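> Here it is, the structure, as structure tokens.
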Amino acid sequence: MQKTTISFKDQVLEGIPHILPQPKPFNSSINHAPKRKSILTEEEEKLALRNALRYFDKKHHKDLLPEFKNELNTYGRIYMYRLRPDYKIYARPIAEYPAKSKQAAAIMLMIQNNLDHAVAQHPHELITYGGNGAVFSNWAQYRLTMKYLAEMNDKQTLVMYSGHPMGLFPSHEEAPRVVVTNGMMIPNYSKPDDWEKFNALGVTQYGQMTAGSYMYIGPQGIVHGTTITVLNGFRKIGKEPKGNLFVTSGLGGMSGAQPKAGNIAGCITVCAEVNPKITQVRLDQGWIDEKITDLNELVARVKQAKAEKETISIAYLGNIVDVWEKFDEANLYIDLGSDQTSLHNPWAGGYYPVDQSFEESNDMMTNQPELFKEKVQETLRRHAKAINKHTAKGTYFFDYGNAFLLEASRAGADVMSKNPTIGREFKFPSYVQDIMGPMCFDYGFGPFRWVCASGKPEDLLKTDKIACVVLEEIMKHSPEEIQQQMMDNIQWIKGAQENKLVVGSQARILYADAEGRMKIADAFNKAIAKNEISEVILGRDHHDVSGTDSPYRETSNIYDGSRFTSDMAIHNVIGDSFRGATWVSIHNGGGVGWGEVINGGFGMVLDGSKEASKRLKQMLFWDVNNGISRRSWARNEGAIFAIKRAMETEPNLKVTLPNVVDDNLFR
Ligand SMILES: NC(=O)c1ccc[n+]([C@@H]2O[C@H](COP(=O)([O-])OP(=O)(O)OC[C@H]3O[C@@H](n4cnc5c(N)ncnc54)[C@H](O)[C@@H]3O)[C@@H](O)[C@H]2O)c1
């Protein structure tokens, strides 16, 4: 039996142990991934088992075969639970990682943060968020990767194929330490069932966005973006958030940020969630104020909140469709409406049918998948019908990037526009079309983030202050067009400590444009050089200006027909990799579903050196302006303005500008 007393460092260096650890009992007190669909033929099952066993010395195959077969039959995947390490997984201070390369140690820290029980949605299945957003497909991959990172030097690059560490390859100091791809498929093999099959075979995985790229920072990452969306949503309808109602659903990895953001914006938020465990976690965390399980009680409570103009977030434990229908019946006016169930993953637990219990749904999902699919589609039609009743009364409803409109349309729900134009096929806008795209992305504002590698809250506080000073300085000369964004971001960073948003690593999210990102990063690097703070790891969500090509989300406000291309995201990751990123990643899938999006991101370690200063400037400038140039070429006004400004500041930037055709020529 393996000794459990060996240190964390030694366990990491051990990789896959020669003497296998004992099988681990299934821990039902934590949140587990639902059983995945059984999709493999008998022959394919053997292939999946062969694939899993190739991580182990031949002498273990006989013992492991029945165990892995059982996992495959019981859970639909081979997670290799027995290999789960005995040490606690969380973002340790960087100095605690066994490593020859500081950059590699930073990546280990970020990987562990993504798998921290306080952060990850299904930690034992290595899923960080979104129901299927995997860091790895099994624990052997985790162990091998950590060992490679511990052993590698700054003249090597670790190559990650969808969770599988292919190995260390010679490179050079300026190269990324890790290059990650997730779910990259030959396009014809990129349908949801292809994911089920090839993931079950153990040859690919769904990396979501920041899950498989080690850049998830808990729901804080989305609280800021959601706050901006809710604030601007209310601005769009010309109302104050105070005393007005926002109805939505989902309290999961990302969606859980909605009530918190609603509270920061100052409105009344009602958020439905079917999963009792998840609802309780959010209540315990203080991310929701109250939980209600009875619809009549909910109506009464919301009426009271409206009358008293309260800022409050209420979780309704139940199906969102019931809320929309009940509020219509009770004539309760909804100002803003949206949805963040996981409709990018509709058949495997992302969206629960109405009129049946959570348990019944889970059972039906695995045992009667066809019936489950019918129920989901029936619910989507009812969902849209109820929303339509509200929008007829004046509610502003937007798609929140979860493929709601796409799946509802596929289910035959009444969501199509009567007068469609290219890019405006649905009767409701996506939040990017109306809000985030024209107000933020086109100007280069996006979810910049950083993690303090020391793990010290004092470092985070110092970085918050540095970022605030930098933004206030920039704002003095900012043009009128971006004053509102600058103001919102300064307000955010000032309130960030008070809002207690840290879950897991000492991380901060802050929307910033290219100038803001570069100047903040440079100020951090200088503070590190002066020993005022320890190393900082920079990154961003893929849901950004340049990182993601997604026709129904990030690039839904591109109207020149190019929103179904993915050149931008691919260029982004290639460009980041040779301009100094510490690691880069490119994914198929994320947010809206496999085959529906290509997205990428980066991580960059700042260590106070001159090289880091050079790297951050050249890479961050490209990382934002690539997307602005594409948005500008698509004739987006804000982006044309922003790229012209960028060309004024950087003489080496020469971007092709569009000539806008006079509409009268077509009359
Ligand atoms: N707009 C954005 O910026 C943005 C960002 C991230 C994620 N998303 C998208 O939002 C979705 C949610 O992301 P997540 O990480 O929270 O996923 P998640 O799976 O962790 O959470 C979704 C939650 O919805 C609940 N749910 C499903 N059907 C329901 C129903 N009918 N009624 C009530 N609750 C129901 C589930 O139980 C689950 O807890 C995803 O599709 C994701 O891609 C959007």
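The values are calculated or read from the model by the stated rules, or taken from the named source; none is laboratory data. Keep in mind that this is a model prediction, so the values were computed, not measured. Heads up, the Cβs are rebuilt from the backbone with ideal geometry, glycines too, and the neighbour counts pull from every protein chain shown. We work out accessible area using only protein heavy atoms, side chains counted, and drop any ligands, DNA or RNA first. Shrake-Rupley method; radii C 1.70, N 1.55, O 1.52, S 1.80 Å.
> Can you spot the lysines whose alpha carbon is less than 22 Å from Lys35's alpha carbon? Ignore those fewer than 8 places along the same chain.
Answer for Lys35, where 22 Å is the Cα cut-off: Lys24, Lys46, Lys69, Lys191, Lys197, Lys277, Lys373, Lys375, listed by chain and number.
> Contact order normalised by length for the stretch 147-246, with contacts defined as Cα pairs under 8 Å and 6 or more residues apart; what percent is it?
Values: 95 pairs, mean separation 19.0, N = 100.
Relative CO of the stretch 147-246 lands at 19 percent.
> Over 18 Å between C-alpha atoms is what I'm after, so list which of Lys526/Lys617; Lys236/Lys306; Lys239/Lys500 land there.
Pairs exceeding 18 Å: Lys236/Lys306; Lys239/Lys500.
> Provide, as a two-decimal number, the C-alpha radius of gyration of the chain over 2.2 N^0.38 Å, N being how many residues it has. Before the final figure, lay out the partial values.
Numbers: Rg = 24.1 Å, N = 667, 2.2 N^0.38 = 26.0 Å.
Normalised Rg, Cα atoms only: 0.93.
> At 7 Å along Cα-to-Cβ for each site, give me the label-to-label distance between Asp154 and Lys610 in nm.
Roughly 1.4 nm, to one decimal.
> For the stretch 1-68, what does the alpha-carbon gyration tensor say about shape, rounded, prolate or oblate, given a ≥ b ≥ c as the root eigenvalues, a/c under 1.5 as rounded, and a/b over b/c as prolate?
Details: a/c = 2.45, a/b = 1.38, b/c = 1.78.
Because a/c hits 1.5 or more and a/b fails to exceed b/c, the stretch 1-68 counts as oblate.
> Can you give the extra length, in nm with one decimal, that the chain gains between Lys291 and Asp86 once fully stretched, where that is 0.36 nm per residue apart less the Cα-Cα distance?
70.3 nm
> Taking the Cα centre of each part, how many Å lie between the stretch 141-203 and the stretch 369-417?
36 Å
> With a cap of 16 neighbouring Cβ atoms within 10 Å, and only residues DSSP puts in a loop, list the trypsin sites (Lys or Arg not before Pro) found in the stretch 41-80.
Numbers: sites: Lys46, Arg50, Arg54, Lys58, Lys59, Lys62, Lys69, Arg77; in loops: Arg54, Arg77.
Passing both the DSSP loop test and the Cβ count: Arg54.
> Considering only Cα-Cα distances, which of the following residue pairs are longer than 19 Å: Lys303/Lys393; Lys465/Lys614; Lys519/Lys610; Lys260/Lys465?
Numbers: Lys303/Lys393 17 Å; Lys465/Lys614 23 Å; Lys519/Lys610 15 Å; Lys260/Lys465 23 Å.
Lys465/Lys614; Lys260/Lys465, as the Cα separations exceed 19 Å there.
> Name the GluC sites (Glu not before Pro) in the stretch 148-246 that are in a loop by DSSP and that have at most 16 other C-beta atoms within 10 Å, would you?
Numbers: sites: Glu151, Glu173, Glu174, Glu196; in loops: Glu173, Glu174.
Passing both the DSSP loop test and the Cβ count: Glu173, Glu174.
> May I pose another question? Just to confirm the filter: which GluC sites (Glu not before Pro) across the stretch 470-558 are DSSP coil and have at most 16 other Cβ within 10 angstrom of their Cβ?
Details: sites: Glu472, Glu473, Glu480, Glu481, Glu498, Glu515, Glu532, Glu535, Glu554; in loops: Glu498, Glu532, Glu535, Glu554.
Listed in order of number, the matching sites are Glu498, Glu532.
> Tell me the per residue accessible area of the chain using a 1.4 Å probe; a whole number in Å² is fine.
On the way: 25810 Å² over 667 residues.
Per residue, the chain has an accessible area of 39 Å².
> Which whole-Hz couplings ³J(HN,Hα) result when phi for each residue of the stretch 541-556 is put into the Karplus expression 6.51 cos²θ - 1.76 cosθ + 1.60, θ = phi - 60°, listed in order with x for Gly and Pro?
Working through the residues one at a time gives 6, 5, 5, 8, 3, 10, x, 10, 9, 8, x, 9, 9, 4, 10, 6 Hz.
> May I ask for the distance between the Cα centers of the stretch 85-112 and the stretch 487-519, given as a whole number of Å?
So the separation of the two Cα centres works out to 24 Å.
> Determine the distance separating the Cα centre of the stretch 1-68 from the Cα centre of the stretch 532-556; give it in Å without decimals.
33 Å
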